[in-house]
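One structure is given below, encoded as structure tokens.
Rule-based calculations on the coordinates, nothing more; no lab input. Because the structure is a prediction, the values reported are computed rather than measured. Every residue, glycine among them, receives a Cβ derived from its backbone with ideal geometry; neighbour counts consider all protein chains shown.
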2 protein chains.
Amino acid sequence: MTIADPQLTQLNSPPAQAGEDRAMTIRDHLRDAIVDRRLAPGTKLSEAEVGTLFDVSRTVVRAALQALAFEGLVKSERNRGAFVANPSPEEARQVFDSRRLIEPGIARAAAGRLSPSDIATFRTQLIEESRLLAERGALARRAEIRASGDFHLLLASIAGNVILHRFMEELVARSSLVIALYGNSGASSCGHNEHADILAALEAGDGERAAQLLVTHINHIEADLDLRQNTGLPLREALSR
Amino acid sequence: MTIADPQLTQLNSPPAQAGEDRAMTIRDHLRDAIVDRRLAPGTKLSEAEVGTLFDVSRTVVRAALQALAFEGLVKSERNRGAFVANPSPEEARQVFDSRRLIEPGIARAAAGRLSPSDIATFRTQLIEESRLLAERGALARRAEIRASGDFHLLLASIAGNVILHRFMEELVARSSLVIALYGNSGASSCGHNEHADILAALEAGDGERAAQLLVTHINHIEADLDLRQNTGLPLREALSR
DNA sequence: GGTCGCAATATTGCATACAATCTGGGCGAG
DNA sequence: CTCGCCCAGATTGTATGCAATATTGCGACC
């Protein structure tokens, strides 16, 4: 699989980026592509190729890839290169275990800090989710997964702890990857909108209830996955791509 | 402050490191130096200087510094360089808030997975802590802070979730930095050994009690800090170094 | 015919060179 | 004497070149 994806080159085209950090820009574009599954797990991210696509040297690409490796979205092997992460079922479970541990606390913190403007932002977010839910097509599914993640990130940003927010960024990104990998296309993203219920609890100032709804929500997301043990012998993973 | 610390150059001397990753080696040495407060917060980490000390090019130094920036131990400013992090009281609070959220869950998970060999490792760890606690001198204090952190990391590794373990590595490292910055030399590191109590609860299989003791323990650590608001106007931080 | 070994190729690891940007001091005008 | 501008030095950002390592295809030997 080549990564000569028109969407990538297109996003690259605005070279008028100010003196900003180009490595971080490339990191963001690659992350979007990974989370959207435009880049399949296991895909090799050649430094030279990525550099050509974004019209930068390998130096900058390496910085971007290192950043993604820290987030767990890319696996870097010495003298072999960087590959889009291919999380095992075990890793997937750990992602959701981590979220079940962290997100309730975030919900409780957010409940006590919710401002009217936050609520407005949430409402806009929920409308966007509904719109995407109704839409058909793989492209809408991608956007839906992403929007669903944004809800959780919004919650984390309201909680006001930048460390936890960053942890959640990583967990949400990895969740998207896992969902894309193991999600049953079937009952994807729960019939009735659990996000709305969570927001309702937050508005009522009931952080405890919001926390509980959040755990249930995470359970539903994980339950929709097919994490049966293809108890991957390491060589199997090679066959998978 | 220059970083020409003999302990750094000494650690550098074994250049016989196999084909391993030199950037990660440098990162580890720098992290140790930061956590031990051999490198004071705000100290500039010049790429050229670090490179000279470790006898590598700026390329690998940059990789190491980027890694530390991800962990929050180093703050990197574009076109200005990298500096040892100087966490504000607010950041310090967030570190401990995060620990209060995450560590109880880790304790519960660890309680159900504790093996006899784990217990033995814990005992060795506690003995080492006691030894350092009795010892005098700044050097012992450093080692004690570090050993105290190792206890928590050991707990996290037993919990068996590598993602949470990595989060804890970051939180413990930042905690050490915060303690070094804001710790009252006075009642430092609690009179009676709370770690031992936590271990006892774990051995008894009482994860809930271990979790509660852990929260109390974290509260004690934070209570020993002096986080009074020098409500840092950003310009103040410049004055501090 | 199959397997092992070796060489050619490609890719990463690292160092260095050059360009861009920031910092600090000196000089001149007000 | 003070304020502001400008230039020189220093430091980071980026590109490129070379060395080291892994991969792949071919050929020889069993």
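Among A:Arg141, A:Arg80, B:Arg174, B:Arg131, which comes first, then next, by fewest other beta-carbon atoms within 10 Å? Kindly include the intermediate steps, with their values, before the conclusion.
Working: A:Arg141 21, A:Arg80 9, B:Arg174 25, B:Arg131 13.
If I rank by nearby Cβ atoms, fewest first, I get A:Arg80, B:Arg131, A:Arg141, B:Arg174.
How many nanometers, to one decimal and shortest first, lie between the label point of A:Gln212 and those of its other copies, if labels sit 7 Å from Cα toward Cβ?
Distances between equivalent label points, in nm: 2.1.
Roughly how far apart, in whole Å, are the Cα centres of segment A:129-143 and segment B:65-100?
Between the Cα centre of segment A:129-143 and that of segment B:65-100, the gap is 38 Å.
Taking the Cβ-Cβ separation of B:Arg100 and A:Ala134 as r and a Förster radius of 51 Å, what is the calculated FRET efficiency to the nearest 0.05?
Numbers: r = 41 Å, r/R0 = 0.80.
Given R0 = 51 Å and the Cβ-Cβ separation, E is 0.80.
Would you mind getting me the FRET efficiency between B:Leu153 and B:Ser46? Use the beta-carbon distance for r and R0 = 30 Å, nearest 0.05. Please report the intermediate quantities before stating the final value.
Numbers: r = 30 Å, r/R0 = 1.01.
Plugging the Cβ-Cβ distance into 1/(1 + (r/R0)^6) gives 0.50.
Using a Förster distance of 22 Å, how high is the FRET efficiency between A:Met24 and B:Thr59, based on the Cβ-Cβ distance and rounded to 0.05? Please list the in-between numbers first.
Numbers: r = 18 Å, r/R0 = 0.84.
Between A:Met24 and B:Thr59 the formula returns 0.75.
Can you list residues whose amide H is under 5 Å from B:Thr43's amide H, if they're 5+ apart or on another chain and H is modeled 1.01 Å from N?
Hits under the 5 Å cutoff: B:Val84.
At 7 angstrom along the Cα-to-beta-carbon line, where would the label on A:Asn184 sit relative to the other copies? Give the distances in nm, shortest first.
Computed spacing set for this position: 5.7 nm.
How much length would be gained if the chain were fully extended between A:Ala120 and A:Arg93, taking 0.36 nm per residue of separation minus their Cα-Cα distance, in nm to one decimal? Present the calculation step by step, with values, prior to reporting the outcome.
On the way: separation 27, 0.36 × 27 = 9.72 nm, distance 3.32 nm.
Taking A:Ala120 through A:Arg93 to full extension adds about 6.4 nm, to one decimal.
In nm, one decimal, shortest first: how far is the label point of B:Glu90 (7 Å from Cα along Cα to beta carbon) from the matching points in the other copies?
Inter-copy label distances (nm, one decimal, shortest first): 4.1.
Which lysines, on any chain, are close to B:Lys75 with Cα under 16 Å apart, when same-chain ones fewer than 8 places away are left out?
Hits, sequence-local ones excluded: B:Lys44.
What residues have an amide H closer than 5 Å to that of B:Val74, excluding those fewer than 5 places away on the same chain, when H is modeled at 1.01 Å from N in the peptide plane?
Amide H to amide H, under 5 Å and 5 or more residues apart or across chains, B:Val74 pairs with B:Ala69, B:Ala85.
What distance in nm separates the two pseudo spin-label positions at A:Leu227 and A:Ile127, each 7 Å out from Cα along the beta-carbon direction?
Here the modelled spin labels are 3.6 nm apart.
Run the simple label-point estimate for B:Asn184 and A:Asn193 please: 7 Å along Cα→C-beta, distance reported in nm.
Placing both labels 7 Å beyond Cα along the Cβ direction yields 5.1 nm.
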